[in-house]
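Below: the structure, in structure tokens.
Bear in mind these aren't lab numbers, they're just calculated from the coordinates by the rules spelled out. Just so you know, these numbers come straight off a predicted model, no measurement behind them. Virtual Cβ from ideal backbone geometry, glycine too; neighbours counted across all protein chains shown.
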Amino acid sequence: MNFALISTYRFDMLVSWFYYVTYALVMFYLWRLTASNPGEEKMLLAYFIIFYSIFKPTRTGKIANWISDGIQKGELNSFLVKPTYYPYTKIMSIFTILFIRTLVPSILIIIAAIIRPDIFAPSSGVNFIYFLISLVLSQFMWHTFMWFLGSLSFWIREIGHTLTVVDLFFDIINGALIPIYFFSNTIQNIVSYTPAYFQGAFQLQIYQGQLEQKDIYQGLIVTVIWFVIFFILAQFTFQKGLKSYDAANG
């Protein structure tokens, strides 16, 4: 593990924990007004705590920013003579950071599930396994997408605005602002085919037992399809940009 990198983000991690927990509680107290019984209140509390403890912190644009900075500031040059693929080194670095960032919240959620299983425990052991599988797949999908956006810096100098728009779009669609089960069935069906849906909403529906097994299988398949699409786009864009970059610097 890159412990120097972990130390660099230690303060940022602590601030992020405080921010996300506070945000989760604010969202819960706003939406609890819609709950018609204590059971719905418990479901909302678990929904926002898990979402803002696990999914929001892992949906970061660092990969895109790192790749963009490497292109704009010349860091990429040192990798052109090494047998190391630049995007992969950044992806490995981000997974190290995200593991540390979510370790403590995950442990606290497990403890909460033991103490208050009626609120925080998963709907079943099988669904918890599906939840973990989907969580891993969604991370590969998201960071491959960020690799693609970062690679656009071969032609676009500033991608910050693009990342802001993407983040806002995902927040609207993936249940960060409005729990997914508050949408109508028609909207849920449409959203369930977008990549945003698999950055929290899908996993929490599995966790809370709101999906049938066939819907879970379908969601996992769609996640893999999006991952493959983003991987092809990222690989093509990076290689295409690298050729022009190498020619301009060579």
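Structure notes:
- Taking every alpha-carbon pair under 8 Å whose residues sit at least 6 apart, region 3-249 reaches a relative contact order of 24 percent.
- GNM result for the chain, Cα springs below 10 Å: residue of Ala113, Ala234, Ala24 fluctuating most strongly: Ala113
- Euclidean distance between Cα centres, region 18-41 to region 175-244, Å: 24
- Rounded to the nearest 20 debye, dipole of region 3-249 from Cβ charges on Lys, Arg, Asp, Glu: 440
- Comparing Tyr20, Tyr86, Phe170 along the charge dipole axis of region 3-249, the residue lying farthest to the positive side is Tyr86, per the Cβ-charge model.
- Reported label for calculated Rg/Rh (Cα atoms, Kirkwood Rh) given [x] 1.00; [y] 1.13; [z] 1.16: [x]
- Legend: residue pairs Lys42/Lys214; Lys90/Lys214; Lys56/Lys243; Lys62/Lys214; Lys73/Lys243, Cα-Cα distance threshold 29 Å; pairs beyond threshold, Lys90/Lys214; Lys56/Lys243; Lys62/Lys214.
- Projected label distance in nm at Met92 and Leu25, using a 7 Å step from Cα toward the beta-carbon: 4.0
- Mean residue ellipticity (222 nm) of the chain, computed from DSSP H runs ≥ 4 via -39,500 (n - 2.57), nearest 500: -24000 deg cm²/dmol
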